[in-house]
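Please treat every number below as a calculation from the coordinates, not as lab data. This is a predicted model, so every value here is computed, not measured. With ideal geometry, Cβ positions are generated from the backbone for all residues, glycine too; neighbour counts draw on all protein chains shown.
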Amino acid sequence: MPKVQVLHGPNLNLLGTREPGVYGTKTLAEIDALIRVEAGRLGLEVAIAQSNSEAEMIGIIQKADFDLLIINPAAFTHTSVAIRDAIAAVGKPAIEVHLSNIHNREDFRRHSYIAPVATGQISGLGYQGYLLALRAAKGILES
Ligand code: DQA
């Protein structure tokens, strides 16, 4: 069974109470439960991790114990050459997901260091972005 790693970045552990008008009212545990259901429906094995640490996220990416990465790098999207380089180094397909639309917010959010090394980006569709990413992953891994 193809294996997808979902990796949530910093502050996403606060979902549910963190700026709900921007990021929605679901908690990360609720989103993760929906991810597991959708992955099961699609016949994908899924591992899910959240970290507030750039180093820990890089460690998970470097381990490369997955066929495809779905990553919401959160604020590291806009700062981390190191996460971008880790994704490039492992050479596995990666889908970048953002709950909010990073293109219609503050200027500093418009730039993603991750986008150039990602297969694609889903931004602004809330938690459904993760479910759409899983569907895309299935297609990518079967092609
Ligand atoms: C985010 C968008 C980022 O700009 C922000 O720093 C986050 C979450 C999103 O999912 O919309 O923490 O990645």
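Brief remarks follow.
- Whether segment 3-96 is rounded, prolate or oblate, judged on the alpha carbon gyration tensor where a/c under 1.5 counts as rounded: oblate
- Taking label points 7 Å from Cα along the Cα-to-Cβ direction, Val90 and Arg41 give a separation of 2.6 nm.
- The Cα atoms of segment 68-111 give a gyration tensor whose axes a ≥ b ≥ c have a/c of 1.5 or more with a/b no greater than b/c, which makes the shape oblate.
- R0 of 30 Å, Cβ-Cβ distance Ala29-Glu142: FRET efficiency to nearest 0.05: 0.55
- Global form of segment 90-143, assessed from the alpha-carbon gyration tensor, a/c cut-off 1.5: oblate
- Cα centroid of segment 54-68 to Cα centroid of segment 1-25, whole Å: 17 Å
- Chain lengthening between Asn104 and Ser53 when straightened (0.36 nm per residue, less Cα-Cα): 15.7 nm
- Ranked by how many other beta carbons lie within 10 Å on average, peptides 66-77, 3-14, 40-51 from highest: 66-77, 3-14, 40-51
- The chain - percent relative contact order, Cα under 8 Å, separation 6 or more: 28 percent
- Net length available on complete extension from Asn13 to Ala115 is 34.4 nm, with 0.36 nm assigned per residue and the Cα-Cα distance removed.
- Peptides 19-29, 124-134 ranked from most to least packed by the mean count of surrounding Cβ atoms within 10 Å: 124-134, 19-29.
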